[in-house]
Amino acid sequence: MALKEKYDVVIIGAGPGGLAASIAAKQNGAEDVLIIERDKELGGILNQCIHNGFGLEVFQQDLPGPAYAQRFINEALSIGVDTLLDAMVLDISPQRRIFATGRDVGVVDIQARAIVLAMGCREKTRAQIRIPGSRPSGVFTAGTAQRWVNVEGYMPGKKFVILGSGDIGMIMARRLTLEGAKVEGVLEVMPFLTGLTRNYVQCLMDYDIPLHLSHTVKQIIGSNRVEAVESVQVDEKWNPVKGTELVIPCDTMLLSVGLIPENELSRKAGVQMDPITGGPFVDDHFETNVPGIFAAGNVVHVYDLVDWVSEAGKEAGKSAAKFAGKLRRLENRLVPLRAGENVRYVVPHQMDRETLTESIVRLQLRVKTPIEKPVWVEVRNRGNLITRKGELYARPGEIITLEIPIRAYDEVQLAEELTVAVVQR
Ligand SMILES: Cc1cc2nc3c(=O)[nH]c(=O)nc-3n(C[C@H](O)[C@H](O)[C@H](O)COP(=O)(O)OP(=O)(O)OC[C@H]3O[C@@H](n4cnc5c(N)ncnc54)[C@H](O)[C@@H]3O)c2cc1C
């Protein structure tokens, strides 16, 4: 493939968000669409997620990560999406010029009519959570261990302690057990699970791996290699509770303590960030504050299900194609969506009032604290209820999806701001 100097839509990142965006851009009239990916293969992080559980929403099938990704790869390639692999985007300008470098292409400078940011997220490391103790080898992020075991074919250790009840950590607890390792337990500093309940049941309970809530690591013990970790219970202010210390012998500690959206490039392009999500402020077409720059997937906020990443990618790709075709949004049509009672954040941050003339607007949100009782998830314009739905519970680890229906069009026209709240029924 000969690389062009100009493209209608350029997508940065070939994970599920970027792949879905590329297909939708093509299907919505963009002629020249390019994906730039720093890895040697398309598929993003799904290539190392060999367990099942992907595609239940999009395909109504239970697929492993690589099989899910392959369906999108096949479609993208069959409709003529161009790809530039093994090439890292280094810089983008607000005028949508892209600078990338790769072994086969040297340095390239591409002008895009529209860009979709789909760089995913990275894991927090030991440096971000400041664990005391010595610095022996044998401390890895759960995603690094996942890549070693599932892609490279190496076992990082024999006896594990996992810090954090995020999904990747729980999935790795099961994976390592299946590979013959012993996982002594998962320590979680919060008084509640931070990943999906389904992963707790299928990955920890089914394998008799204990989860210790309100527990953390007091220190890592070992000089060359991890020899043990000392765990401790914490109170509601995260202070260690004296007398609860326990030394757990192990040779490896995995961290599953959160993900950070990869937005260094977005900042360079002048994209405004939400400090709560760590991703750009977006509207319901996933457009950022910089005209023609869209964002989709984990780069916007950390999703729990990949299916929703694909849906977001689809919308971003479609909107990017429309922008490239000079169909512009009008600023005065946007209405802000505010996180209200017990809502940590809601995405999108604003919606186009006119979207409701043709489709629903899908909102996704996370709560601040768990409510283990039936709740209403509701959208209001001042005091007036616009729409709501009932849920049996609300948990910080599980994204809640709520749709604003087309019939709310008239009420939304009148709103200056919409507030989203999760309240006990
Ligand atoms: C380590 C890890 C393990 C995970 N495991 C699971 C799991 O087991 N199950 C699950 O449901 N979810 C898992 N997730 C969540 C998963 O990331 C999402 O469900 C989904 O893959 C997000 O899709 P995405 O397209 O937004 O990002 P990704 O799949 O992460 O794709 C982003 C792509 O952008 C590329 N990229 C980034 N910066 C640049 C640049 N400057 N230039 C060029 N390319 C760039 C990356 O190489 C990557 O291929 C995991 C996440 C991580 C970080």
Go through the range 392-410 and count every residue that is buried (at least 18 other Cβ atoms within 10 Å of the Cβ) and touching a strand residue (DSSP E or B) at 6+ places or on another chain (Cβ under 6 Å). 6
Within the range 201-223, considering residues that are open to solvent by 20 Å² or more (accessible area, probe 1.4 Å) and part of a loop (DSSP other than H, G, I, E, B), the one modelled with the lowest pLDDT: SER223
Please specify each residue of the range 234-265 satisfying the condition of being at pLDDT 95 or above, within 18 Å of the chain's Cα centre (by Cα) and either of a type in the set (S, T, N, Q) or surrounded by fewer than 16 Cβ atoms within 10 Å (Cβ to Cβ) (or both). ASN263, GLU264
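Tell me which residues, restricted to the range 152-174, are part of a helix (DSSP H, G or I) and either under 21 Å from GLY397 (Cα atoms) or within 9 Å of the ligand (Cβ to nearest atom) (or both). Even if it seems obvious, please write down each step before you answer.
Quick first cut of the range 152-174, residues part of a helix (DSSP H, G or I) only: 152, 167-174.
ASP167, ILE168, GLY169, MET170, ILE171, MET172, ALA173, ARG174 - these are the residues of the range 152-174 that are part of a helix (DSSP H, G or I) and either under 21 Å from GLY397 (Cα atoms) or within 9 Å of the ligand (Cβ to nearest atom) (or both).
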Where PHE323 falls short, out of the listed (1) under 21 Å from GLY29 (Cα atoms); (2) touching a Phe, Trp or Tyr at 6+ places or on another chain (Cβ under 6 Å): (2)
Inspect the range 48-55 for any residue being more than 20 Å from ILE23 (Cβ to Cβ), in contact (Cβ under 8 Å) with a residue 60 or more places away in the chain and open to solvent by 20 Å² or more (accessible area, probe 1.4 Å) and give the result as yes or no. yes
Among the listed residues THR101, THR141, identify the single one that is in contact with an Asp or Glu (Cβ under 6 Å, 6 or more places away or on another chain) and touching a residue at least 12 places away in the same chain (Cβ under 8 Å). THR141
Does PHE54 qualify as being near the ligand (Cβ under 10 Å from one of its atoms), modelled with pLDDT under 95 and closer than 14 Å to VAL306 by Cβ? yes
Going through the range 127-154 one residue at a time, which ones are over 30 Å from ILE36 (Cα atoms) and in contact with a strand residue (DSSP E or B) (Cβ under 9 Å, 6 or more places away or on another chain)? ILE129, ILE131, PRO132, GLY133, SER134, ARG135, PRO136, SER137, GLY138, VAL139
Out of the residues in the range 266-306 meeting the condition of being of a type in the set (Gly, Ala, Ser) and more than 15 Å from the ligand (Cβ to nearest atom), tell me which one is surrounded by the fewest Cβ atoms within 10 Å (Cβ to Cβ). GLY270
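Within the range 347-368, track down each residue that is open to solvent by 70 Å² or more (accessible area, probe 1.4 Å), under 23 Å from the mean Cα position of the chain (by Cα) and without any contact (Cβ under 8 Å) to a residue 60 or more places away in the chain.
Scanning the range 347-368 gives a single hit, LYS368.
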Filtered residues of the range 83-98 (kept if away from the ligand (no atom under 14 Å from the Cβ) and buried (at least 18 other Cβ atoms within 10 Å of the Cβ)): ARG96
Here the residues within the range 171-200 that are surrounded by 19 or more Cβ atoms within 10 Å (Cβ to Cβ), small (Gly, Ala, Ser) and over 21 Å from GLU230 (Cα atoms) are GLY195
Report the residue count in the range 237-265 for those that are within 18 Å of PRO191 (Cβ to Cβ) and either in contact with a helix residue (DSSP H, G or I) (Cβ under 6 Å, 6 or more places away or on another chain) or within 16 Å of the ligand (Cβ to nearest atom) (or both). 3
Residue hits (the range 4-18; more than 8 Å from the ligand (Cβ to nearest atom) and assigned to a loop (DSSP other than H, G, I, E, B)) are LYS4, GLU5
Would you pick out the residues in the range 353-388 that are of a type outside the set (A, V, I, L, M, F, W, C) and part of a strand (DSSP E or B)? ARG362, GLN364, ARG366, GLU378, ARG380, ASN381, ASN384, THR387, ARG388
Report, by residue number, each residue of the range 99-151 that is among the small types (Gly, Ala, Ser) and within 12 Å of the ligand (Cβ to nearest atom). ALA100, GLY102, ALA118, GLY120, ALA142, GLY143, ALA145
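The values are calculated or read from the model by the stated rules, or taken from the named source; none is laboratory data. Here the structure is a predicted model, which is why all the values come from computation and not from measurement. With ideal geometry, Cβ positions are generated from the backbone for all residues, glycine too; neighbour counts draw on all protein chains shown. To get the accessible areas, we keep the full protein, side chains included, count just its heavy atoms, and leave off ligands, DNA and RNA. Shrake-Rupley method; radii C 1.70, N 1.55, O 1.52, S 1.80 Å.
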